[in-house]
1. Does GLY187 count as assigned to a loop (DSSP other than H, G, I, E, B), out of contact with any strand residue (DSSP E or B) (no Cβ under 7 Å at 6 or more places or on another chain) and not aromatic (Phe, Trp, Tyr)?
2. How many residues are touching a helix residue (DSSP H, G or I) at 6+ places or on another chain (Cβ under 6 Å) and among the charged types (D, E, K, R) when one looks only at segment 154-191?
3. Go through the residues of segment 137-147 one by one and say whether even a single one is surrounded by fewer than 23 Cβ atoms within 10 Å (Cβ to Cβ), modelled with pLDDT under 95 and not hydroxyl-bearing (Ser, Thr, Tyr).
4. Taking segment 29-51, which residues are under 16 Å from LEU83 (Cα atoms) and of a type outside the set (A, V, I, L, M, F, W, C)?
5. If you take the residues of segment 150-209 that are away from the ligand (no atom under 13 Å from the Cβ), under 27 Å from GLU101 (Cβ atoms) and without any contact (Cβ under 8 Å) to a residue 12 or more places away in the chain, which of them is surrounded by the most Cβ atoms within 10 Å (Cβ to Cβ)?
6. For the structure I just gave you, tell me whether SER159 is in a loop (DSSP other than H, G, I, E, B) and under 28 Å from ALA41 (Cβ atoms).
7. Is there any pair with a first residue in segment 109-122 that is within 11 Å of ASN138 (Cα to Cα) and a second that is crowded, with 19+ Cβ neighbours inside 10 Å and basic (Lys, Arg) whose Cβ atoms are under 7 Å apart and which are 6 or more apart or on different chains, and what are they?
8. Are there helices (runs of 4 or more DSSP H) fully within segment 35-111 with at least 2 residues that are under 28 Å from SER178 (Cα atoms) and away from the ligand (no atom under 12 Å from the Cβ)? List them.
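The values are calculated or read from the model by the stated rules, or taken from the named source; none is laboratory data. As the structure is a prediction and not an experimental result, all values here were calculated from the model. All Cβ positions, glycine included, derive from the backbone under ideal geometry; neighbour counts span all protein chains shown.
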Amino acid sequence: MDQPRVALISGGNRGIGLAICAALSERGVRVYMGCRDIAKAQQAIDHHQLSSVTPVMLEVTDEDSMVRVIEHIETEQGRLDLLINNAGIARGVRDKVSEEELTQIRATFEVNFFGTWRLTQKALPLLQQSGDPAHIINISSGYGSSEKVVDTNLAYCSSKAALNAFTRALACELEGSSVKVTCMTPGWVRTKMGGMGAPRTPKEGADTVIWLALEGGGEHGGFYKDREPFPW
Ligand SMILES: NC(=O)c1ccc[n+]([C@@H]2O[C@H](COP(=O)([O-])OP(=O)(O)OC[C@H]3O[C@@H](n4cnc5c(N)ncnc54)[C@H](OP(=O)(O)O)[C@@H]3O)[C@@H](O)[C@H]2O)c1
């Protein structure tokens, strides 16, 4: 492949998304870092001395923002090889299922499910015209697995379960095409979301993404953790 691969990462300015951007840029990928504050994203890029990383405004609850980003990448690169749906929120993580607010569940679905699904829809034509194999990687969670049942935070768990269902359905639709679709969970990671007590670094959390994205790891339609299949 002569041209560098081109990647878009939603929520790339901090946490696991930033570690994914850093690892991809180290491996020669042309990275578009989705963010909601260009100045802060540029600070992160400068701080980590990342090369070939461009911050782009991307609010996943705003369709115009998604369309602008995809058009921008198409104009600059004419291709997109990797879409990494990383942006996510977790609110009210200790809220009991019976007490959780409808507004909280809706707000969480807006980002974790609808945002990911809509961004993927908008990006798919450019991924399909890449000319080389392309890949969509959805960042899910162990809490999206049907084997992990807890009595709190229905918003987060059900939004990630819906994201998993979306991954499998899209993989079914794209079977045999040039676009691979996978999903992964990073484990419990030290970020604003995961908290400082989490055992994993963002770089460790990003490892399976890099394996899927650049090392040919994983099967189309699979769910992974630590480079191994993970139960849906
Ligand atoms: N940390 C963990 O232990 C853990 C475990 C399992 C799964 N995950 C998943 O891993 C992914 C990354 O999590 P993280 O721990 O790195 O979280 P984080 O540090 O809180 O970062 C979340 C990122 O998502 C962005 N974001 C949030 N809402 C957005 C929106 N409406 N539009 C665009 N971007 C938005 C944030 O942007 P701003 O900076 O602008 O807010 C930020 O860049 C998430 O999908 C999460 O569910 C995390």
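1. On the way: assigned to a loop (DSSP other than H, G, I, E, B): yes; out of contact with any strand residue (DSSP E or B) (no Cβ under 7 Å at 6 or more places or on another chain): no; not aromatic (Phe, Trp, Tyr): yes.
No; evaluated as a whole, the condition is false for this residue.
2. So the count comes out to 1.
3. yes
4. Within segment 29-51, ARG30, TYR32, GLY34 qualify.
5. Residue satisfying both the conditions and the ranking: ALA165.
6. No.
7. ASN112/LYS160
8. It comes to 63-77.
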